[in-house]
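> Here it is: the structure, laid out below.
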Amino acid sequence: MTPHGDTVSPAVLYVCADRAPGASGQAVQCAQTEGRAFAQERGLTIAEVVTDTYGEPDPARRTGWRRVRQLVQTGDVTAVLVRWPSAIAPESAHELRHRETSWLQDHGVRVRYTWAPLTSPGPLA
């Protein structure tokens with residue numbers, strides 16, 4: 001058994017952070033480091049790291065996100081690790097994010113956000 005009750009399972013780490021093609025900046029490095037630490041803490045194995053340039057609001061139009069969908073369809077992953085929701089689609093296109101997360105869930109795949117404030121349990125009400 002691993003922390004948080006997770007079992008070792010394959011995940012794809014999706015990073016959509018840099019704003020220019022070919023720019024491998026601090027945002028990408030931070031998202032990858034954070035994603036790898038998140039996976040290790042929870043006993044997840046990162047099967048592949050997939051990246052896209054930030055800017056295209058529709059994930060279905062991004063090469064990297066299409067790769068994520070391919071991995072899901074072939075059953076190669078059970079989770080998609082993403083730093084925060086806007087990496088899937090910006091708040092201005094939240095309906096696209098909901099479309100994609102619903103599609104993932106319909107295929108038995110969980111979306112896991114790796115940014116610490118989104119992984120911490122909220123205050124008990």
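The values are calculated or read from the model by the stated rules, or taken from the named source; none is laboratory data. Since this is a predicted model, take the numbers as computed values, not measurements. Every residue, glycine among them, receives a Cβ derived from its backbone with ideal geometry; neighbour counts consider all protein chains shown. Ligands, DNA and RNA are excluded from the accessible area calculation, which covers all protein heavy atoms including side chains. Shrake-Rupley method; radii C 1.70, N 1.55, O 1.52, S 1.80 Å.
> Find out how many positive minus negative residues lie around Val82, taking Lys and Arg as positive, Asp and Glu as negative, among other residues whose Cβ is under 12 Å from that of Val82.
Result for the local shell: +1.
> Next up: All other residues with a Cβ under 14 Å from the Cβ of His98 taken together, and with Lys, Arg as +1 and Asp, Glu as -1, what is their net charge?
Working: positive: Arg97, Arg99; negative: Asp58, Glu91, Glu95, Glu100, Asp106.
In short, -3.
> Would you tell me the accessible area of Arg83, worked out with a 1.4 angstrom probe on the heavy atoms of the protein chains, in Å² to the nearest 10?
Surface open to solvent at Arg83 totals about 40 Å².
> Counting only the heavy atoms of the protein chains, how much of Glu95 is accessible to a 1.4 Å probe, in Å² to the nearest 10?
That residue has around 100 Å² of solvent-accessible surface.
> Keeping all protein chains in position, work out how much accessible area Thr74 exposes to a 1.4 Å probe, and write it in Å² to the nearest 10.
Here the accessible area works out near 90 Å².
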